[in-house]
1. Which of the residues spanning segment B:192-220 are buried (at least 18 other Cβ atoms within 10 Å of the Cβ) and touching a Gly at 6+ places or on another chain (Cβ under 8 Å)?
2. For the structure I just gave you, tell me whether B:Phe306 is assigned by TED's automatic domain parsing to the domain that holds B:Leu27 and either without any contact (Cβ under 8 Å) to a residue 12 or more places away in the chain or within 22 Å of B:Gly67 (Cα to Cα) (or both).
3. With segment A:9-102 as the region, which helices (runs of 4 or more DSSP H) entirely inside it contain at least 2 residues that are within 28 Å of A:Lys356 (Cβ to Cβ)?
4. So how many residues does segment B:277-306 have that are surrounded by 24 or more Cβ atoms within 10 Å (Cβ to Cβ), in contact with a Lys or Arg (Cβ under 8 Å, 6 or more places away or on another chain) and closer than 16 Å to B:Leu320 by Cβ?
5. Would you mind listing the strands (runs of 3 or more DSSP E) fully within segment A:289-402 where at least 1 residues are within 14 Å of another protein chain (Cβ to nearest Cβ)?
6. Answer yes or no: is there a residue in segment A:90-97 that is acidic (Asp, Glu) and not assigned by TED's automatic domain parsing to the domain that holds A:His337.
7. List the number of the failed condition for A:Glu278; all other conditions in (1) out of contact with any helix residue (DSSP H, G or I) (no Cβ under 7 Å at 6 or more places or on another chain); (2) in a loop (DSSP other than H, G, I, E, B); (3) over 26 Å from A:Gln10 (Cβ atoms) hold.
8. Which of the residues that make up segment A:172-185 are under 20 Å from A:Lys206 (Cα atoms) and either surrounded by fewer than 13 Cβ atoms within 10 Å (Cβ to Cβ) or within 26 Å of the chain's Cα centre (by Cα) (or both)?
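The values are calculated or read from the model by the stated rules, or taken from the named source; none is laboratory data. Here the structure is a predicted model, which is why all the values come from computation and not from measurement. Neighbour counts run over all protein chains shown; Cβ positions are idealised from the backbone, glycine included.
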There are 2 protein chains.
Amino acid sequence: MQDIIKNLIQKNNSKIVFVVLDGLGGLPVHGKSELEVADIPNLDMLAQNSACGLHTPVAHGITPGSGPGHLGLFGYDPIEWQIGRGVLEALGLGIELKKTDVAIRCNYATIENGIIKDRRAGRIPTEESREIAERLQEKIKKIDNVEVIFAPGMEHRFAVILRFLEPLEKGSAQIMDTDPQKEGNPPVPVTPETPQADKVAKIAEKLIGAITDVIKGQEKANYVLLRGFSQAPDIPHFGDVYGLKPLAIATYPMYRGLAKLIGMDAQAITGDVKEEIEFLKQNYDKYDFFFLHVKKVDSYGEDGNFEGKVKEIEKFDHILAQILALAPDVLVITGDHSTPSLLKSHSWHPVPVILKSPYVFGGLCRSFSERECVRGELGIFPTVSLMPLALANALRLKKFGA
Amino acid sequence: MQDIIKNLIQKNNSKIVFVVLDGLGGLPVHGKSELEVADIPNLDMLAQNSACGLHTPVAHGITPGSGPGHLGLFGYDPIEWQIGRGVLEALGLGIELKKTDVAIRCNYATIENGIIKDRRAGRIPTEESREIAERLQEKIKKIDNVEVIFAPGMEHRFAVILRFLEPLEKGSAQIMDTDPQKEGNPPVPVTPETPQADKVAKIAEKLIGAITDVIKGQEKANYVLLRGFSQAPDIPHFGDVYGLKPLAIATYPMYRGLAKLIGMDAQAITGDVKEEIEFLKQNYDKYDFFFLHVKKVDSYGEDGNFEGKVKEIEKFDHILAQILALAPDVLVITGDHSTPSLLKSHSWHPVPVILKSPYVFGGLCRSFSERECVRGELGIFPTVSLMPLALANALRLKKFGA
């Protein structure tokens, strides 16, 4: 589908603002969902005058992770573009990945006579973990001609990026985790699952040796376990597909990392939605597509904090006028998946969406909520269709066929 | 999609009850459909508090047979898994098929000097037909090393199963019907349409010879015509795909046969929906997925008996409390296709569905009917998506991607 869209692109001066309230959708508790309880007069008004509906991130019944959720929003089929665990971990640690990279999630571990005694090295303090990573980076810069990048994480966790000189074949990162899963077992040897993975496996083996040489004398973190080997996907760039100059505005590294993976600009910013909107205003002239990511809505949902999630949605409602004041040609407000406080986790439920543009009907929803969006003119549709709808409403898509 | 679902399965102790009111959907006669006329306070209440919608069995405008209708409900793409006529006939006659089987629909016919005089052997009485089949089974047990099973049917109809020792290649049953379609013609020779079908064709030729040797002296049923050659599909088992232990409860052999084909347990039971629910109760501890099939709703629809269909739906409504008393974690009530009395046949219309679970909105439908289900939170969706939705609501699916 993206191929077809790409061929229909026509450029103009329109601006599209795409707000993702992470984990927006919810479920009723005492009869009402978070959106139904929230006092959100501005979003309600917007829903009344916009096209509304619900979108299904991956497929019916499938609960998406953040990766598939966002890829879908950006118009990439999340089943075609499956992003590996190592890649997501590296993105989350703020590493910018290149197409020649293999990313690996790593744990410091404690080994004794060849047996893993502690898979997490006693959950060493983050401070200590960071120091070890720095020491490793100093000593290990390359293995053969492959660049090695250490990305420190929390406690015993870190990531390693193997940056090859040339693009790798498909299947090159299909390597078994070396984590034996249970203490009292020896580590699993580096085992490629495809012939294409031999090359990366050999480097990984040498990597384990090199790391162990540096840390073997330590009491707790004296070994390393490798998991989630994955290749950075050779994914088309957002700007190339849609003819847009995109800016990602997100405070969490993982979302910026995902955005960078598809070629969006994404500077590190800190603060809250207020700072994000400030940043949006400052850069409004320089781009024509803005992905604005609001993390906390999801965080409260994950905590099962219904009230917290409600307040966070209300907070966005208060500040919405500032986005409207920019008068984008198309404004989308939605989530990447649902995170009902009731479930304390992501869920499979379709996500409510508002699409504001001059070319919609409106008048079908009384307010902005999951139940009201069922009545909306967009119906229930796959998330990957949202980008084409935004482009169409920005008059950026030519006619298909004559 | 089933591959993706399979990889996301997590087991728990939840129970899913899946009620199929065969041919449930209808069409208005004097302004109201069967469901709209029926007095069904329990189903209405359930619809008010559940997720509702309509599902499209195969594709828009396509009227499904019972095979595709049920395969879709069980999450098997009915276009990918096309079950041959011979296989359905054999299942309907209560034969349990193995993956090495080829099934054939057969007619006794009358032949004279090499010309078919009567394609149905004067519609000989079922009693007589059964006796001939028994005689054939006694004399013909094997052809070469292929086991031959005779399954008597109604009047001139019966089925033959050729049970091979080893799995056959795809295309092995692509053989032309030997039925000349018109009386006054000779039978069509056994003609394989692919090279892979040569093996089965040779056995079929010998089968015709062997059968004719036994019955050639008879007045009417002195020949046999073979139709609908088909292989039992090498279809993944329901239990393997979904990690569920499934029980099929159905009084009609064909539905039990279909269920067995995908590895469900399905004992022969007789009686009505009352006996079926009794059987459900007795076995409720032993399984975690229950397919309960109610045939008569469809039968009245096929007869064009609007009132009969209404009464049958009302009968189920009266007994619904007994299913609710079991408190399944997820309860689905739907049909395999629509059978409007107005059309006296299956139809292409989407089928209303109720999905009861703790993780739904509800409050969108005032009652259970086709028109009310249009307003439901599930929207109009493909039938194959119903199993993933049921699994998700039973919290049996892990997150997709990180």
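1. Answer for segment B:192-220, where residues must be buried (at least 18 other Cβ atoms within 10 Å of the Cβ) and touching a Gly at 6+ places or on another chain (Cβ under 8 Å): B:Ala197, B:Lys220.
2. Details: assigned by TED's automatic domain parsing to the domain that holds B:Leu27: yes; either without any contact (Cβ under 8 Å) to a residue 12 or more places away in the chain or within 22 Å of B:Gly67 (Cα to Cα) (or both): no.
Taking the combined requirement at face value, the residue does not satisfy it.
3. Values: elements: A:34-37, A:41-48, A:66-73, A:85-92.
Hits in segment A:9-102: A:34-37, A:41-48, A:66-73.
4. Selection size over segment B:277-306: 2.
5. Details: elements: A:289-294, A:330-334, A:351-356, A:379-382.
Those strands (runs of 3 or more DSSP E) span A:351-356, A:379-382.
6. Taking segment A:90-97 as the starting set, the residues that turn out to be acidic (Asp, Glu) are A:96.
Applying the additional criterion that residues be not assigned by TED's automatic domain parsing to the domain that holds A:His337 yields A:96.
Scanning segment A:90-97, I find at least one residue that is acidic (Asp, Glu) and not assigned by TED's automatic domain parsing to the domain that holds A:His337, so the answer is yes.
7. A:Glu278 satisfies every listed condition except (2).
8. Kept after step one, since they are under 20 Å from A:Lys206 (Cα atoms), are these residues of segment A:172-185: A:172-180.
A:Ser172, A:Ala173, A:Gln174, A:Ile175, A:Met176, A:Asp177, A:Thr178, A:Asp179 - these are the residues of segment A:172-185 that are under 20 Å from A:Lys206 (Cα atoms) and either surrounded by fewer than 13 Cβ atoms within 10 Å (Cβ to Cβ) or within 26 Å of the chain's Cα centre (by Cα) (or both).
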